[in-house]
Amino acid sequence: MDGIVIINKPKQQTSHDIVRKAKKILNEKVGHTGTLDPNATGVLPLLIGKGTELSKYLINHDKTYEAILQLGEKRDTGDVEGKIIEQKNVTEKYLNTENINSVFKTLIGKQEQIPPIYSALKVNGKKLYEYARNGENVKIEPRQIEIYSLELLNVDNINKTIHFKVECSKGTYIRTLCEGIAERLGTVGYMKELNRTRVGDFYIENSITIEQLEQSQYQIITIEQFFKDEEFINLTEKGLKLFLNGVQLTYHLVDGIYRIYQDDKFIGIGTIKNELLKRDIII
């Protein structure tokens with residue numbers, strides 16, 4: 001079984017927890033792309049069998065999230081799990097829809113973002129949260145990200161929360177975005193809830209629970225389906241043998257990814273560069 005299964009990750013389970021359970025259920029090699037924090041929910045693509053070789057094609061995918069920003073408190077982790085390190089009063093002006101939308105507009109586009117210290121990002125071979133837990137100082141370099149859109153979904157004046165949707169590039173930390181929104185509104189805040197609704201072309205509407213996986217209630221996205229929009233090459237029997245043995249074949253085609261077939265049977269994926277076809281993923 002080779003391909004992708006889209007899991008809707010529940011709260012209080014790590015991405016690694018889900019991978020471990022899937023390995024036990026499927027008795028297959030399993031990986032994932034796009035880690036979700038334990039307190040976050042939503043789309044977690046699982047790569048199954050030879051599908052683990054697809055990871056290099058998934059790392060640059062854009063993402064969509066729905067988040068709830070809690071105003072009035074700043075936490076050391078930037079989310080609900082952290083300790084309160086600052087508090088401010090939240091007046092009506094901070095919850096004004098017009099003010100919020102104005103702040104959203106200032107955050108659209110390419111920008112530099114400093115990842116939170118409580119994250120799994122590695123600096124000098126060590127995860128940032130390990131520095132934080134040990135009370136060590138570390139220089140965190142900003143990263144280039146892009147916010148494509150911000151949409152206000154709801155304002156809760158009683159609980160002082162802002163529910164919003166964001167479409168963003170890979171590497172965007174929504175905890176940092178939440179803190180930035182609160183700061184531009186003139187107060188402090190943290191990410192109370194996070195739900196990832198899309199990773200690339202994988203949507204939460206097409207996801208399943210880990211329990212459904214256990215009950216075999218799922219459909220796998222095959223490697224062939226994943227590359228359905230790419231052009232194909234039909235190899236001869238001789239050409240296939242050379243291809244599988246790692247010989248680069250000459251094809252006067254543009255550089256890119258190609259589906260490889262022999263007698264209409266899907267063989268895998270190849271890439272062409274400078275008119276040379278090279279094997280990539282073979283099922």
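Since every read-out is calculated from the coordinates, none of them should be taken as a lab result. Nothing here was measured: the structure is a model prediction, and the numbers come from that model. Neighbour counts are summed over all protein chains in view; Cβ atoms, including those assigned to glycine, are modelled from backbone coordinates with ideal geometry.
Quote the Stokes-Einstein diffusion coefficient, in whole µm² s⁻¹, for the stretch 1-45, based on the Kirkwood radius over alpha carbon pairs, a temperature of 37 °C and a viscosity of 0.692 mPa s.
Working: Rh = 10.6 Å.
Reported coefficient: 309 µm²/s.
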- Query: Per the Debye formula with a single identical scatterer at each Cα and no solvent contribution, what log10 I(q)/I(0) holds for the stretch 39-88 at q = 0.19 Å⁻¹?
  - Reply: -0.78
- Kyte-Doolittle mean at least 1.0 and Cα extent at least 24 Å along the axis: which DSSP H helices of the chain qualify? none
- For the chain, just the Cα atoms, rotate onto the principal axes and tell me the three extents in Å, largest first. 74, 42, 38
- Item | Between the stretch 222-278 and the stretch 93-128, the alpha-carbon center distance in angstrom | 42
- Quick one: P(r) of the stretch 51-114 from all Cα-Cα pairs, 10 Å bins, percents rounded to integers, in order of increasing distance. 14, 31, 34, 14, 6, 0
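Please compute the length gained on full extension between residue 101 and residue 35, using 0.36 nm multiplied by the number of residues separating them and subtracting their Cα-Cα distance. Before the final figure, lay out the partial values.
Working: separation 66, 0.36 × 66 = 23.76 nm, distance 2.90 nm.
Extending this stretch completely gives an extra 20.9 nm.
Would you compute, from DSSP H runs of 4+ residues alone, the mean residue ellipticity of the chain at 222 nm, taking -39500 (n - 2.57) per run and dividing by the full residue count, rounded to the nearest 500? Don't skip to the answer; put the middle values down first.
On the way: 8 runs with 61 residues, N = 283.
After summing the helix terms and dividing by the residues of the chain, the value is -5500 deg cm²/dmol.
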- Message: Report D for the stretch 135-187 in µm² per second (integer): Stokes-Einstein, Kirkwood Rh on Cα pairs, 37 °C, 0.692 mPa s.
- Response: 250
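What translational D, rounded to a whole number of µm²/s, comes out for the stretch 1-82 from Stokes-Einstein when the hydrodynamic radius is the Kirkwood one over Cα pairs, at 4 °C and 1.567 mPa s? Don't skip to the answer; put the middle values down first.
Values: Rh = 14.0 Å.
In µm²/s, the coefficient is 92.
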- Query: So for the stretch 10-157, what percent of the C-alpha to C-alpha distances run longer than 29 Å?
  - Reply: 31
- Relative contact order computed over the chain (Cα-Cα under 8 Å; 6+ residues apart), in percent: 22
- Lys, Arg +1 and Asp, Glu -1 on Cβ, resulting dipole of the chain about Cα centre, debye, nearest 20: 760
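Counting pairs of Cα atoms in the stretch 195-283, how many percent are more than 22 Å apart? If you can, show how the numbers build up before the last one.
Working: 1600 of 3916 pairs.
Looking at the stretch 195-283, the distances longer than 22 Å represent 41 percent of pairs.
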- Using the Cα atoms of the stretch 195-243 to build a convex hull, what is its mean projected area in square nanometres? 5.7
- Message: One quarter of the convex hull surface, Cα atoms only: what value does that give for the stretch 133-262 in nm²?
- Response: 15.8
